[in-house]
There are 2 protein chains.
Amino acid sequence: MGLSRRQVFGATGAGALGLAGAGVGGWAVARDGGDAGAVTSDRARFAFHGRHQAGIVTPAQDRLHFAAFDVTTSSRDDLVGLLRTWTAAAEEMTRGAEVGGGSPQPYDAPPTDTGEALGLPPSGLTLTFGFGPTLFTKDGRDRFGIADAQPASLRELPHFPADALRPERSGGDLCVQACADDPQVAVHAIRNLSRLAFGTAALRWSQLGFGRTSSTTRSQATPRNLFGFKDGTANIKAEDTAETDRFVWVRPEDDPAADWLAGGSYLVARRINMRIEQWDSTSLAEQEAVVGRDRTEGAPLSGGTERSDPDFSRQGSSGPLIPVDAHVRLAHPAQNRGVQLLRRGYNFTDGNDDLGRLDAGLFFIAFVRDPVTGYVPMQNRLSKSDAMMEYLQHTGSALFAVPPGVRPGHYLGQTLFG
Amino acid sequence: MGLSRRQVFGATGAGALGLAGAGVGGWAVARDGGDAGAVTSDRARFAFHGRHQAGIVTPAQDRLHFAAFDVTTSSRDDLVGLLRTWTAAAEEMTRGAEVGGGSPQPYDAPPTDTGEALGLPPSGLTLTFGFGPTLFTKDGRDRFGIADAQPASLRELPHFPADALRPERSGGDLCVQACADDPQVAVHAIRNLSRLAFGTAALRWSQLGFGRTSSTTRSQATPRNLFGFKDGTANIKAEDTAETDRFVWVRPEDDPAADWLAGGSYLVARRINMRIEQWDSTSLAEQEAVVGRDRTEGAPLSGGTERSDPDFSRQGSSGPLIPVDAHVRLAHPAQNRGVQLLRRGYNFTDGNDDLGRLDAGLFFIAFVRDPVTGYVPMQNRLSKSDAMMEYLQHTGSALFAVPPGVRPGHYLGQTLFG
């Protein structure tokens with residue numbers, strides 16, 4: 001692929017990371033020079049408007065509340081009305097304002113905002129919206145006159161070996177990813193969007209993530225997952241605009257029948273339970289062999305430091321230093337035709353089961369330009385061969401098309417419904 | 001009650017809040033001058049040792065992971081062994097060290113620490129341990145030879161009107177309250193303690209709280225609960241040492257047969273689900289009448305500011321400005337024979353039900369000198385008459401005796417088992 005105009009400008013855009021974008025300048029910056037999430041001068045506040053939706057290459061916030069919704073109306077107008085309402089509310093909440101804060105609050109009506117984030121700063125809130133396959137067609141029906149625009153790659157993910165998916169934690173017509181550095185702000189956002197959806201869409205499932213496991217910019221330290229290892233070291237970073245253009249953002253020519261998705265992406269969500277107790281009784285040697293990295297530094301077992309490229313051919317006394325079934329090997333772009341993901345994962349803990357085992361793991365989110373080439377083959381390989389699968393169980397799964405960012409005065413999904 | 005020596009010294013202790021306590025000075029400060037949680041010079045690190053356990057009057061941290069355990073052994077030695085092990089691990093984790101960090105890590109054995117907090121600061125972690133009624137007697141059996149020392153007030157809480165308790169979210173032989181400003185640190189602590197308990201005790205239930213709803217010191221702002229209101233304004237603060245001595249800390253003479261609990265307290269835990277959707281469709285006027293405070297400032301409806309005392313007799317055009325069934329009235333010490341609580345509540349959200357309603361609310365924790373006089377009468381009054389009960393459902397309940405703090409070289413519960 002040659003360099004596109006956006007790739008050329010992308011270098012400038014990456015340099016602008018952390019610099020000011022005054023007013024709706026986030027959009028201007030994004031339009032004119034590529035962007036890395038429309039970053040404003042205040043680290044803790046991100047512009048809602050932009051070429052792309054925020055919350056993808058935005059520096060990964062610490063906390064997550066993710067929600068999937070079932071649309072309960074059959075009216076296209078009601079659905080579009082909800083998207084307009086959500087657009088306005090998302091813009092308000094992203095800048096730290098109350099929902100409906102522009103209007104006086106009548107005393108004899110319910111408050112327009114539920115109030116638990118009153119007085120809190122924006123806390124870096126981003127809201128990222130997606131459309132599931134079932135929004136387009138369900139049981140063979142064209143629900144809202146958009147079946148013809150369903151992207152070819154927006155189909156239910158295939159069954160992977162060892163999947164143990166629970167329907168009540170999978171699928172959905174719509175999704176909202178709320179990321180913020182204060183969980184109260186993320187929960188407040190989902191709750192208010194859910195409330196605004198009353199009568200039009202209902203929560204299908206939702207997931208809190210208490211700590212991020214991915215870095216999306218070079219300046220962020222790599223956090224640890226609940227296996228105690230640094231995760232996502234080889235993740236695409238916002239600064240890698242050549243990579244984000246190649247592996248994250250959909251282009252108009254990718255699917256001409258669904259060119260409304262240009263500038264958008266696909267969001268893959270997987271709820272991955274970790275067999276914590278089993279992992280914790282495994283030797284450090286075995287853990288490191290499974291991961292393919294050392295635990296303390298996160299360096300590949302072939303040597304070097306965390307950021308060193310793994311040397312898959314380097315031999316030890318009894319075979320390759322990075323075992324053939326190590327996670328880092330099977331997940332590495334070198335083993336996946338060069339395919340890369342932009343990950344935005346979060347640790348979760350949801351209580352425990354009857355046997356006292358923690359219901360905990362990784363809520364995996366990846367943004368990809370095309371799940372058919374960018375996720376499915378890799379996950380098939382991992383499911384079949386990854387030594388780590390012994391300690392994992394995928395209990396939830398969903399795929400959404402993430403429309404492009406919203407211009408001022410427009411609404412979410414307007415390129416599809418407008 | 002006259003002023004005890006501790007009350008006199010308490011004023012000094014409160015003044016020391018935030019001042020340095022070098023080395024194990026936390027204990028020295030606590031022993032010699034009362035304490036407010038054995039605060040060290042670093043806000044984000046609290047001493048493990050002290051006259052009282054940390055995590056009670058310690059400035060309330062932002063995040064919670066609470067766990068209740070069933071003891072699965074019948075051996076007193078094993079139980080005491082667990083308490084010794086937990087003591088050592090809690091001291092290590094509280095100062096930000098790895099569990100077993102003092103020993104070299106053999107490569108062919110499981111790591112002594114699960115690793116997900118490696119590299120993270122102590123984050124203000126406190127671990128507070130308690131003993132449930134069933135640790136002493138269960139099905140009429142004296143399980144560990146401590147039945148005679150069971151405090152008279154340590155009995156299962158009575159059934160309150162409108163309780164809808166779920167056994168799998170209630171009770172427990174042991175509890176651990178992990179509070180920290182980083183949830184990964186709190187989750188790490190519970191996970192490691194749970195792991196160390198393997199074969200001796202098993203997780204019965206656990207609860208994450210994503211945001212605190214209580215302030216325990218005067219310098220902390222009052223946060224908001226998921227009703228959007230400031231909560232716990234009238235909470236006892238750490239600086240109120242006369243009140244903590246009177247209402248929080250157990251004295252030797254309180255229960256001579258259980259004098260091992262002197263310097264400890266009782267922990268009441270209630271999982272209180274909020275009917276979020278019902279609340280959100282209620283007018284602001286009704287919400288404020290139910291709470292008895294205004295939403296924006298948190299001032300009593302009788303006037304003033306957040307910290308103003310409510311004037312329950314002040315009349316409006318149609319009755320008292322603070323309605324007779326307002327929460328603030330029924331929960332106020334003036335209506336409860338002067339009884340006060342030290343609260344340490346947290347907002348929680350655990351997904352949603354089949355109808356799309358959020359499973360969310362308040363995980364209520366209170367520390368009281370005696371639950372029979374300090375909690376039960378008030379909760380009976382609230383359950384029967386509080387207008388807020390229409391929007392609440394108590395789904396979990398537990399009571400624990402919280403032994404006093406641990407001296408260096410001693411173990412948790414040594415005054416009971418030693």
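For the reader, a short list of remarks on this structure follows.
- Count of the range B:397-416 residues which are buried (at least 22 other Cβ atoms within 10 Å of the Cβ), of a type in the set (G, A, S) and in a loop (DSSP other than H, G, I, E, B): 2
- Residue check for A:P133: closer than 30 Å to A:L392 by Cα and either surrounded by fewer than 22 Cβ atoms within 10 Å (Cβ to Cβ) or modelled with pLDDT under 95 (or both): yes
- Of the residues making up the range B:266-293, those that are at the interface with chain A (Cβ under 9 Å from one of its Cβ atoms) and assigned to a loop (DSSP other than H, G, I, E, B) are B:S281, B:T282, B:S283.
- If the condition is being surrounded by fewer than 23 Cβ atoms within 10 Å (Cβ to Cβ) and in contact (Cβ under 8 Å) with a residue 60 or more places away in the chain, then the range A:208-222 contributes A:S215, A:T217, A:S219, A:Q220, A:T222.
- B:T296 open to solvent by 40 Å² or more (accessible area, probe 1.4 Å) and facing chain A (nearest Cβ under 10 Å): yes
- Residue among B:E156, B:E168 that alone is among the acidic types (D, E), at the interface with chain A (Cβ under 9 Å from one of its Cβ atoms) and either farther than 16 Å from B:V80 by Cα or open to solvent by less than 20 Å² (accessible area, probe 1.4 Å) (or both): B:E168
- Residue that is nearest to the chain's Cα centre (by Cα), among those in the range A:50-80 that are open to solvent by 30 Å² or more (accessible area, probe 1.4 Å) and either within 14 Å of chain B (Cβ to nearest Cβ) or within 30 Å of A:D139 (Cβ to Cβ) (or both): A:D62
- Single residue of A:T114, A:T85 found to be in contact (Cβ under 8 Å) with a residue 40 or more places away in the chain, away from every other protein chain (no Cβ under 14 Å) and among the polar types (S, T, N, Q): A:T85
- Just one of the numbered conditions (1) over 30 Å from B:D350 (Cβ atoms); (2) modelled with pLDDT under 95 is not true of B:H49: (2).
- Among the conditions (1) touching a Leu at 6+ places or on another chain (Cβ under 9 Å); (2) in contact (Cβ under 8 Å) with a residue 12 or more places away in the chain; (3) open to solvent by 40 Å² or more (accessible area, probe 1.4 Å), A:Y107 misses just one, which is (2).
- Any hit, the range B:208-227, residues being of a type in the set (G, A, S), over 26 Å from B:G361 (Cα atoms) and modelled with pLDDT of 90 or more: no
- Residue within the range A:138-147 that is part of a loop (DSSP other than H, G, I, E, B) and open to solvent by less than 20 Å² (accessible area, probe 1.4 Å) present: yes
- Conditions (1) modelled with pLDDT of 80 or more; (2) of a type in the set (V, I, T); (3) surrounded by fewer than 24 Cβ atoms within 10 Å (Cβ to Cβ); number of the one not met by A:T40: (1)
- Matching entry among A:S214, A:S219, A:S194 (being of a type in the set (S, T, N, Q), closer than 29 Å to B:G356 by Cβ and not in a helix (DSSP H, G or I)): A:S214
- Residue in the range B:248-265 that is most open to solvent (accessible area, probe 1.4 Å), counting only those that are within 19 Å of B:G50 (Cα to Cα) and assigned to a helix (DSSP H, G or I): B:D259
The values are calculated or read from the model by the stated rules, or taken from the named source; none is laboratory data. Note that this is a predicted model, so its numbers are computed, not measured. Cβ: placed from backbone, ideal geometry, glycine included. Neighbour counts: every protein chain shown. Protein only, heavy atoms only, side chains kept; ligands, DNA and RNA dropped before computing areas. Shrake-Rupley method; radii C 1.70, N 1.55, O 1.52, S 1.80 Å.
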